[in-house]
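Each remark here refers to the structure printed beneath this line.
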Amino acid sequence: MSKKTSNQSAAGSDAQYAIVETGGKQYRVQVGDVLSVEKLDGDTGTAVTLDRVLLIGGDGDTKIGTPVLEGASVAATISDQYRGEKIVVFKYKPKKNYRRRTGHRQSLTKLEITGINA
Amino acid sequence: MARVKRGVAAHKRHKKVLAQVKGHRATNNRLYKRAHESMMRSLMYAYRDRRNRKRDFRRLWIVRINAASRLNGITYSRLIEGLRVGNVAIDRKMLADLAVHDAAAFSAVAEVAKQHAGQKA
């Protein structure tokens, strides 16, 4: 949840960015960013539109949605459908003869942001 | 049926556990029995702390948002109230991110909150 996508450039000064919501989480994105989100349907290479845009900033102007900006969207292409690193779920209660061990791999989608439509 | 000796499987199992407890202190990374206990405990901590991490970060974001909102002349509590009444759904992670990376945008959000804070929801 806290991991920054490595190629995310510093916003603020001029480049336009948007805050979008997908998979119950919010992300600050700029054109060209690659980020991992909860799985979205679609094959690799297809385009998706994220229409829950909560804020558009940069360019010296900030637009705040209530709660979303009407008509605004973020365009992206799916660059990968994959599963995250394996997480070992291990539960154990001492002296109660209770042990559970399962693995989990979250289904994720890698998105490349292609455009922000204000 | 071919005879199967148990040492091979046991050795494999021990190697697997010992590889997982590299870096644990004292005998916890050497003796199989201690290592196995240590491994179980570490996996339990991992499970617990994946949940605690969500709280830890939320607390950190709140500290950051509070600091930034006070620079804009509003308290954290009033800011959140104002955003709720004003129907702005930007979460704490993103507010903290704005506070750090785009102070101007954060000020704009704070202004929206100021307009709505203090009114009845």
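Structure notes:
- A:Thr62 vs. criteria at pLDDT below 90 and crowded, with 19+ Cβ neighbours inside 10 Å: yes
- Exclusive hit being without any contact (Cβ under 8 Å) to a residue 12 or more places away in the chain and either touching a Leu at 6+ places or on another chain (Cβ under 7 Å) or facing chain A (nearest Cβ under 9 Å) (or both), set B:Ala113, B:Ala108: B:Ala108
- Of the listed requirements (1) touching a strand residue (DSSP E or B) at 6+ places or on another chain (Cβ under 9 Å); (2) without any contact (Cβ under 8 Å) to a residue 24 or more places away in the chain; (3) surrounded by 13 or more Cβ atoms within 10 Å (Cβ to Cβ), B:Val21 misses just one: (1).
- In segment B:63-87, the residues that are open to solvent by 50 Å² or more (accessible area, probe 1.4 Å) and assigned to a helix (DSSP H, G or I): B:Val63, B:Arg64, B:Ala67, B:Arg70, B:Leu71, B:Ser77, B:Arg78, B:Arg84
- Taken as a whole, the condition of being modelled with pLDDT of 90 or more, part of a strand (DSSP E or B) and more than 20 Å from B:Arg58 (Cα to Cα) applies to A:Val29.
- Segment A:68-80, subset in contact (Cβ under 8 Å) with a residue 40 or more places away in the chain and of a type in the set (S, T, N, Q), residue least open to solvent (accessible area, probe 1.4 Å): A:Ser73
- Only one of the numbered conditions (1) open to solvent by 70 Å² or more (accessible area, probe 1.4 Å); (2) closer than 21 Å to A:Gly57 by Cβ; (3) part of a loop (DSSP other than H, G, I, E, B) is not met by B:Gln119, and that is (2).
- Scoring A:Lys91 on the criteria (1) more than 9 Å from chain B (Cβ to nearest Cβ); (2) out of contact with any Ser or Thr (no Cβ under 7 Å at 6 or more places or on another chain); (3) modelled with pLDDT of 90 or more leaves a single failure, condition (1).
- Test result for B:Arg92, open to solvent by 50 Å² or more (accessible area, probe 1.4 Å), among the charged types (D, E, K, R), in contact with a Phe, Trp or Tyr (Cβ under 8 Å, 6 or more places away or on another chain) and more than 8 Å from chain A (Cβ to nearest Cβ): yes
- Matching residues, segment A:33-49, being in a loop (DSSP other than H, G, I, E, B) and surrounded by 13 or more Cβ atoms within 10 Å (Cβ to Cβ): A:Asp33, A:Lys39, A:Leu40, A:Gly42
- Filtered residues of segment B:1-18 (kept if open to solvent by 100 Å² or more (accessible area, probe 1.4 Å) and in a loop (DSSP other than H, G, I, E, B)): B:Met1, B:Arg3, B:Val4, B:Lys5
- Residue in segment B:88-96 that is assigned to a helix (DSSP H, G or I) and touching a residue at least 40 places away in the same chain (Cβ under 8 Å) present: no
- Screening A:Arg99, A:Arg83, A:Arg52, A:Arg105 for residues that are within 11 Å of another protein chain (Cβ to nearest Cβ) and either in contact with a Gly (Cβ under 6 Å, 6 or more places away or on another chain) or surrounded by fewer than 16 Cβ atoms within 10 Å (Cβ to Cβ) (or both) leaves exactly one candidate, A:Arg99.
The values are calculated or read from the model by the stated rules, or taken from the named source; none is laboratory data. In this text, all values refer to a predicted model and were calculated from it rather than measured experimentally. In this analysis, Cβ positions are derived from the backbone assuming ideal geometry, glycine residues included, and neighbour counts consider all displayed protein chains. The area values use the complete protein model at the heavy-atom level, side chains included, leaving out ligands, DNA and RNA. Shrake-Rupley method; radii C 1.70, N 1.55, O 1.52, S 1.80 Å.
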